Amino acid sequence: KNYLQNLLDYKKTLAQRNALLKYFALNRTFDKNTLVFKVLGKMFALFPLDKWDKGEASVMLKCDPERTAELREQYESIFAGPYVSNKHWNTVSLYTGELKSNFVLELIDHSYHMVVKGMTKKMREQLL
């Protein structure tokens, strides 16, 4: 699969799991080389397309600070990344083959839920 198909698969899975098609945004907040997944305007996944083009697919995901440290200790493919808070965000290398796709989807779901958890009650009610 090419990187675009992989991204669309992730988007489709998330939309199906959370019934958020009208709230789910895919855009280029940073630059032309970064796809950003948002819920109600809040980022939860960043895909650096220039890395994908080089065969080094990765995604940056929000994470609970305690889990962030655990994941980095447990997996070589999960580490601190550029441009985001290293306390709350992980870079996840997808090209290494270390991580199963279901686990990556679980990490994306966790990132999504971390962002939703930080929203106001009024914002969360929009998602129901």
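Here the extension length gained between E70 and E125 equals 16.7 nm, from 0.36 nm per residue of separation less the Cα-Cα distance.
For F79, the accessible area of its heavy atoms, probed at 1.4 Å with every protein chain present, is near 80 square angstrom.
Of F47, F103, the residue with the largest accessible area leads and the full order is F103, F47 (1.4 Å probe). Extension gain for the segment F103 to N33, taken as residue separation times 0.36 nm less the Cα-Cα distance, is 22.7 nm to one decimal. For K54 and K117, a Förster radius of 41 Å and the Cβ-Cβ distance give a FRET efficiency of 0.75, rounded to the nearest 0.05. Solvent-accessible surface of protein heavy atoms, probed at 1.4 angstrom with all chains present, puts Y83, Y75, Y112 in the order Y83, Y75, Y112, largest first.
The values are calculated or read from the model by the stated rules, or taken from the named source; none is laboratory data. Bear in mind the structure is a predicted one, so any value in this text is a computation, not a measurement. Counting neighbours? That spans all protein chains shown, and the Cβs are built from the backbone with ideal geometry, glycine included. Side chains included, ligands, DNA and RNA excluded: accessible areas come from the protein's heavy atoms. Shrake-Rupley method; radii C 1.70, N 1.55, O 1.52, S 1.80 Å.
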